[in-house]
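Notes follow the structure.
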Amino acid sequence: MAKWLIGNKELNTVLDPAFGLGVFSRALLNHNNNLKINGFEIDENIYEKAKINFKNNKNISINLSDFMHNDWDNKYDGIICNPPYFNFRDYDNKNILEEIEKRISFKLNGLTNLYTLFLVKSIFQLNENGRAAFIIPSEFLNSDFGKLIKSYLIKSKTLRHIAVINFKENVFNDALTTSAIILCANDNKSCKVQFSNVRNHNDLSNIEKAIESYPDYLSNGRTVEFDNLNPELKWRAYYQEQNAVKYKNLVPFVNYGKVLRGIATGSNEFFTFNMSKANKSGIAKKYLLPCICKSIDSKNSFFTNDDFDKLQANDKTVYLLNAVNPDKFVKRYIACGEEQEINQKYLTEKRNPWYSIENRPPSPIWVSVFNRTGLRFVRNEANISNLTTFHCIYLNMFSAPKTDLFFAYLLTDVSKQIFNDNRREYGKGLQKFEPNDINNSKILNLELLTSDSESEILEYFNLYRNSVIEKKPDESFVNNINDIFIKYYT
C-alpha cells in the first residue's frame, strides 16, 4: 500500500484518516523521510502513544478528532488508511451522510458502513495525480448497500485495482469479515480496473509487480473497463470464476418463489419460551406460537411434527410470545418487559404495540443464513414459524404444487454451486446469504424436465426422506438426483 503511494512522483503530502499507532506512516517514511503526514485519531490513549512514537518527527501532525467531521477543504498527494469497521447501526451516520452527499453531489445509502464513507471522502480529497490505498472489508463488493459505493467509484474514474484477500485468514482482528486492498489514482492514465485474488504471499508479490508496472497491467490479472463495470452486479464475477456458467437453461429464482428473512423479535430472550418458562410465567399455550428459534434444533433436511414434539418434551425453546388480546398473566409479563426497557430496543420501539410480532406465516422451506459447507435447506413439514436463524422460502401459486420437486433440486450440489455465486464471504471460511442474495440467484429451469424425469427424481426424493426419518440418511439418493440434473442441464 505504501509503495502505491510512493509511485506518485509528486508525493509530498499524505493523509492517514485512521492513524492508530502510525504503521503506515513508518512504512512511508522508510521510503521518503521528507513527507508531510497528517493523521486523525479519535482514541485518546492511542493518540497519546502515537504522539510519543513520532515526537521527534516535525513533519507528522496527528489530530485528536474525527476525520469524518473535519478536514474537508484540504487535498493530499497520497491517502492511506485502514478505517474503522462499524455497522451502520453502530454510529450516527445521518449527519455524516448529509455532509458527504452535499460535498460530492452524490446520493448514498443510509445503510452504508462507515469504512466506505472513509473511502468516498478520501477520494474527494485527492490532489490531481494523487493516489489512495485502503484496506477495507470486501463485503461492499457483493452487498446491496455497496451498489451506490461502486457507482461512485465508477463515476470518479479513480479506481485502479482491487485485490481481494484470501478468505481462509482474517485480516481484521475485531471483525469477522473478509478484506480487500483498494488502490485509487486521480489521474488520466487508465480507463480500466484490475481485479486480483490474493491467496498467499506469492500473490502479494504479484500485486507489487502490478504497482510497479502501472499504468500498464499484468497479463495474469483480470481487467475491466469502467464502461463495462456494472454496480448492480456482485463484483465477485470480476475476480472469481462463476459456477452458473457450467449449466444451461437457467432462470431467475424469483420465477418460482421468494425468500424473506425469519421473524426478528428485537429481544429473543424476552419473546421466546420453553414450557418451563411459560408455566413459571403463567402464559397459556394460546399465547405461544410454535417456532424454531435455533438452527441447532433442526439438524436434518426434514423437520416433522415428531421433531417438534421431542423438542417440546425436552423443554427446548420452541415458542414465541404472541400476545394478541392478552390476559392478566400476559399483561404482567409485558409489564416486566417494560421494566427491563425491552420496549425501547431498536426493533420493539418501532412497533405498535411494542410487544407485537411480525406477521410472517410459516414457510414450506427454510434455508440457513450462515454456513461453511454450503447452503442448508430444511423442509418444514411441521408448518411452524422460524426466527432469523433461517430465511423463509415461499413458493408462488404455480410452483407450490411441486414443492417436493423444488426441494429435491435444492438438496443437490448443483443448486448449491449455482447459489454460491451470490454468497457473501467472511473470515475463516464463513459464508452468508441475505434473502436477496438468493432472490437474485439463478436456478435450473425445472419446467424443462420430462414427466418421467420428474417421477424418477421424486422416487429418489421419497427414498431419501424415508432414510432421514428413520435416522439412517442415505446421501446416495441425493447424488442420484444430482446426476439427473447434470445430465439434463450441462
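Read the figures in this text as sums done on the coordinates, not as results from a lab. Quantities reported herein were computed from a predicted structural model and do not represent experimental measurements. Virtual Cβ from ideal backbone geometry, glycine too; neighbours counted across all protein chains shown.
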Trypsin sites (Lys or Arg not before Pro) lying in DSSP loop within region 6-80, provided at most 13 other Cβ fall within 10 Å: Lys9, Lys55, Lys58
Trypsin sites (Lys or Arg not before Pro) within region 183-270: DSSP coil, no more than 13 neighbouring Cβ in 10 Å: Lys189, Lys248
Among Leu229, Pro252, Val198 - extreme Cα towards positive end, dipole of region 193-256, charges at beta-carbon: Pro252
Order of Thr450, Thr116, Thr388 - criterion: other Cβ atoms within 10 Å of each residue's Cβ, fewest first: Thr450, Thr388, Thr116
Relative contact order of region 242-384, pairs being alpha-carbon contacts under 8 Å that are 6 or more residues apart, as %: 30
Euclidean distance between Cα centres, region 300-330 to region 111-148, Å: 45
FRET efficiency, 1/(1 + (r/R0)^6) with R0 51 Å, evaluated for Val324 and Glu128 via beta carbons: 0.20
C-alpha long axis of helix 114-124 to longest principal axis of the chain, angle in °: 30
FRET efficiency for Ile469 and Asn383, using Cβ-Cβ distance with R0 set to 22 Å, rounded to 0.05: 0.85
Longest segment of the chain lacking GluC sites (Glu not before Pro) that sit in a DSSP loop with at most 16 other Cβ atoms within 10 Å: 11-168
Segment Arg26-Glu447, extension gain: residue separation times 0.36 nm, minus the distance between their alpha carbons: 145.4 nm
Zone residues, region 359-375, relative to Asp404, backbone N less than 18 Å from point 7 Å out along Cα-to-Cβ: 364-366
Convex hull volume per residue in cubic angstrom - Cα atoms of region 2-239: 124
Amide N proximity, region 221-238 versus Lys107 label position 7 Å along Cα-to-Cβ, cut-off under 20 Å: 230-233
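If you take the beta carbon distance between Asn34 and Glu269 as r and set R0 to 45 Å, what does 1/(1 + (r/R0)^6) give as a FRET efficiency, to the nearest 0.05?
Plugging the Cβ-Cβ distance into 1/(1 + (r/R0)^6) gives 0.20.
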Separation between Cα centres of region 249-280 and region 379-396, rounded to whole Å: 7
Between helix 94-104 and the chain: long-axis angle, C-alpha atoms, 0 to 90°, nearest 10: 50
Degrees, to the nearest 10: 476-489 long Cα axis against longest axis of the chain: 60
Dipole of the chain [Lys/Arg +1, Asp/Glu -1 at C-beta], most positive-end residue of Ala133, Asn359, Tyr319: Ala133
All lysines inside 16 Å of Lys150 as judged from Cα atoms, apart from same-chain residues fewer than 8 positions distant: Lys107, Lys121, Lys192, Lys234
Helical contribution to [θ] at 222 nm, DSSP H n ≥ 4, -39,500 (n - 2.57), averaged over the chain, rounded to 500: -9500 deg cm²/dmol
Mean separation of Cα contacts under 8 Å, 6 or more apart, over the residue count of region 254-489: relative contact order %: 24
Mean Cα-pair separation over length for the chain, i.e. relative contact order, pairs under 8 Å, 6 or more apart, %: 13
Burial ordering of Ile486, Ile182, Ile334, Ile162, fewest other beta-carbon atoms within 10 Å first: Ile486, Ile334, Ile162, Ile182
Net charge dipole size for the chain [Lys, Arg +1 and Asp, Glu -1 on Cβ; Debye, nearest 20]: 300
Simple spin-label estimate for Ile296 and Ser213 in nanometres, 7 Å along Cα-Cβ: 5.0
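Just check the chain against the gyration tensor rule for me: Cα atoms, a ≥ b ≥ c as the square roots of the eigenvalues, rounded for a/c under 1.5, and otherwise prolate or oblate depending on whether a/b exceeds b/c.
Cα axes put the chain in the oblate bin.
I'd like to know how region 254-489 sits against the 2.2 N^0.38 Å rule of thumb: what's its Cα Rg over that expected value?
It is 1.12.
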Amide H contacts of Tyr319 (H built 1.01 Å from N, under 5 Å, at least 5 apart or other chain): Phe273, Cys291
Inter-label distance, nm, simple model (7 Å from Cα along the C-beta direction), Glu338/Ser476: 6.3
Shape category assigned to region 7-84 from the gyration tensor of Cα positions, a/c cut at 1.5: oblate
Neighbour net charge for Leu233 - beta-carbon separation under 11 angstrom, K R +1, D E -1: +2
Distance in nm between pseudo-label sites at Leu233 and Lys310 (7 Å out along the Cβ direction from Cα): 4.6
C-alpha center-to-center spacing [region 46-75, region 209-225] in angstrom: 34
